[in-house]
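One structure is given here, and the rest of the page talks about it.
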Amino acid sequence: MKKFFLILCFVFCLSSLFCWNVYSDADNETRYVLEYVDDLILAEQYETAFGIVSGEENEYILAKKIEIAVNYFAQSIMHKMFAFKDMDEGETLLSLRTSAGNFPLVMFNPVEAVEAFKAKKGDKAVLDYALGLFYYDVQSRYGDEWFIPKKELYENIIHYLQKAYAAGCYDSYSLSILAISYFSSEDYFSAASVFRLKEAEFELSPDDNYHCGLALWLSKNPEQALGYIAESIDGYADIPAYQCESYIIAARICLSIPDFNKAESFLIECKKKFPYDYRIPQYSISLYAMQNLNANAVEAAFELFSLAPENPAACQMIIEQGQASADLDFLPDFFEAAIKMYKDNSGACENLYFHYAYSLYLMGREDVARNVAFKAKEVFLKNGNLTSEVENMLDQLIE
């Protein structure tokens, strides 16, 4: 599995980072300013909008200033200096950020600004909220190439967003970021808990369902996980790559339960839509090997191998699925049949003989493995491909 991620990419589209419930305690004058600034943002007048929130004596104005800096900069230097521009027709932030244009930079360090504010006026939940989302944006853009390591960035995201949540300052977006930050920190139990807190108040997005399902699965709750992953399949109807990923994860969850009928159903549905994805035959091998249906496992192995017969990864995946299923018995049947079928493909024969010998060794059949390893050396030598590395590995099987 990818580092889930896809970690999937976290997809979202908001006209404004903050929702109005975050500003519920602002006074009327402040709300008037914020509404005007939001109108400027909608009109893509970002430089003007940032200029209006230049002061830092009001926590809501400072939070809006951080939002504009994070989301609407034309250029940024390590998120401590920013440039802004009122957009002309046809311009986009992406085009500005990837251009060589020069814009006047403004010194603005959100962390220092919030710390200075708190030193004067104490903690404010809206600033914890803003700072948590600032650190998330830094992590997304810079990773380990910022002033503190990525691990610490995630710790800060969790600290500030959890603190804001406890004070009642949160929205759908911040809960998703909090949950995904727990997930990325491999605290799967907390990630699932936050997603479920969100579910009680807001609709979960397809990304939420996907990551909540993964978090539950990785925290040893596969039955609960399956429902969320199934929801993400429907939610990703317009994103084929993500939908395919969700089908595969759903099948793997079913295998871990195990529920073989559901696993097969997900794999069949996936194959109808994505017939060439190698993971379908890969996990079909597990599906059948776990049930000792060796003929079916051999068929699935042939399908996987046919996608890249000269690539060692194909044989390695076949063997790995057998190991994961605690059933290697189908492997000799597969290799014997494949060697006959691919006898005229020299690269495929090298691949097959080498991994056949290795699989027999794994099965404890050392004498047979030794004979096949001798044959593998002959094939590599005949083709002029017997490198010292390959020879050394085969010799270990022969000794």
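The values are calculated or read from the model by the stated rules, or taken from the named source; none is laboratory data. Keep in mind it's a predicted model, so treat the numbers as computed, not measured. Quick reminder, even Gly has a Cβ in these numbers, built from the backbone with ideal geometry, and neighbours come from all protein chains shown. The accessibility values were calculated without ligands, DNA or RNA, using every heavy atom of the protein model including side chains. Shrake-Rupley method; radii C 1.70, N 1.55, O 1.52, S 1.80 Å.
Its residue count N fixes a reference of 2.2 N^0.38 Å for the stretch 150-220, and the Cα radius of gyration divided by that reference is 1.01.
Listed by chain and number, the lysines whose alpha-carbon sits under 19 Å from that of Lys262, ignoring those within fewer than 8 places in the same chain, are Lys220, Lys271, Lys272, Lys273.
Measuring between their Cα centroids, the stretch 211-228 and the stretch 350-383 lie 40 Å from each other. Annotation for Phe189 and Gln323: the two label points, set 7 Å from Cα along the Cα-Cβ direction, are 3.0 nm apart. Please say if the stretch 185-237 is rounded, prolate or oblate, where rounded means a/c under 1.5 for a ≥ b ≥ c the square roots of the C-alpha gyration tensor eigenvalues, and otherwise the choice is prolate for a/b larger than b/c and oblate otherwise? The shape class here is oblate.
With the convex hull of its Cα atoms as the shape, the stretch 111-164 has an orientation-averaged projected area of 3.4 nm². Structural size metrics of the stretch 101-223, computed from C-alpha coordinates, are Rg and Dmax of 15.9, 55 Å. For the stretch 72-131, applying the loop criterion from DSSP together with a ceiling of 14 other beta carbons within 10 Å to the GluC sites (Glu not before Pro) yields Glu89, Glu91. With each label modelled as a point 7 angstrom along the Cα→C-beta vector, the Ile257-Asp39 pair spans 5.5 nm. Classify the stretch 214-280 from the C-alpha gyration tensor, please: rounded if a/c falls under 1.5, else prolate or oblate depending on whether a/b exceeds b/c. In terms of gyration-tensor shape, oblate. Only one residue of Ser95, Tyr36, Gly51 has its Cα farthest out toward the positive end of the dipole of the chain, where Lys and Arg carry +1 and Asp and Glu -1 on Cβ, and that residue is Ser95.
Quick one: putting +1 on the C-beta of Lys and Arg, -1 on the C-beta of Asp and Glu, what dipole do you get for the stretch 123-177 around its Cα centre, in Debye to the nearest 20? It would help to have the intermediate numbers written out before the result.
On the way: 5 positive and 8 negative charges, 11 e Å.
The calculated dipole for the stretch 123-177 is roughly 60 debye.
Spherically averaged projected area of the convex hull of Cα atoms, the stretch 347-399: 3.0 nm².
Given charges of +1 on the Cβ of Lys and Arg and -1 on the Cβ of Asp and Glu, with all other atoms neutral, how large is the dipole of the stretch 296-399 about its Cα centre, in debye to the nearest 20? Don't skip to the end; give the middle numbers.
Details: 7 positive and 17 negative charges, 53 e Å.
I would put it at about 260 debye.
For the stretch 184-234, trypsin sites (Lys or Arg not before Pro) meeting the loop criterion (DSSP other than H, G, I, E, B) and having at most 16 other Cβ atoms within 10 Å: Lys220. The distance separating the Cα centre of the stretch 59-116 from that of the stretch 119-142 comes to 15 Å. Fully extending the segment from Lys272 to Lys343 would add 22.4 nm, taking 0.36 nm per residue of separation and subtracting the current Cα-Cα distance. When the Cα positions of Ala314, Pro281, Phe302 are compared along the charge dipole of the stretch 267-335, Pro281 comes out farthest toward the positive end, with charges on each C-beta of Lys, Arg, Asp and Glu.
Remark: accessible surface ordering of Leu93, Leu381 (largest first) is Leu381, Leu93, probe radius 1.4 Å.
If you scale each eigenvalue of the Cα gyration tensor by 5 and take the root, what three semi-axes come out for the stretch 306-369, rounded to whole angstrom and sorted largest first? Please report the intermediate quantities before stating the final value.
Details: eigenvalues 69, 35, 18 Å².
Computed over the stretch 306-369, the values are 19, 13, 10 Å.
The charge dipole of the chain, taken about the Cα centre with unit charges on the Cβ atoms of Lys, Arg (+1) and Asp, Glu (-1), comes to about 700 debye, rounded to the nearest 20.
For Lys343, the shell of other residues with beta-carbons less than 15 Å away shows a net charge of -2, using +1 for Lys and Arg and -1 for Asp and Glu. Taking only the C-alpha atoms of the chain, Rg followed by Dmax gives 27.8, 86 Å.
Over the stretch 282-337, the reciprocal of the mean inverse Cα-Cα separation, the Kirkwood hydrodynamic radius, stands at 10.6 Å. Which one, Phe183, Ser388, Gln139, projects farthest toward the positive side of the charge dipole computed for the chain from Cβ point charges (K/R +1, D/E -1)? So the residue we want is Ser388. Loop-only check: which GluC sites (Glu not before Pro) in the stretch 155-210 are DSSP coil with at most 15 other Cβ within 10 angstrom? Passing sites in the stretch 155-210 are Glu186, Glu203.
With the simple model of a label 7 Å out from the Cα in the direction of the Cβ, Glu91 to Glu391 spans 6.6 nm. Along the chain, the exposed loop sites are chymotrypsin sites (Phe, Trp or Tyr not before Pro) outside DSSP states H, G, I, E and B with at most 16 other Cβ atoms within 10 Å, and the longest stretch free of them is 13-146. Using the Cβ-Cβ distance between Lys151 and Arg365 with R0 = 41 Å, the FRET efficiency computed as 1/(1 + (r/R0)^6) comes to roughly 0.35. Given in Å, the Rg to one decimal and the Dmax to the nearest whole number for the Cα atoms of the stretch 18-136 are 14.2, 43.
In plain terms, if you count all Cα to Cα distances in the stretch 145-277 and split them into 5 Å steps from zero, the share in each step is 2, 11, 19, 19, 17, 13, 10, 5, 3, 1, 0 percent.
With a ≥ b ≥ c taken as the square roots of the eigenvalues of the C-alpha gyration tensor of the stretch 238-389, please select rounded if a/c is under 1.5 and otherwise prolate if a/b is larger than b/c or oblate if it is not? Don't jump to the answer; show the numbers that get you there.
Working: a/c = 2.68, a/b = 1.74, b/c = 1.54.
It is prolate, given that a/c is not under 1.5 and a/b is the larger ratio.
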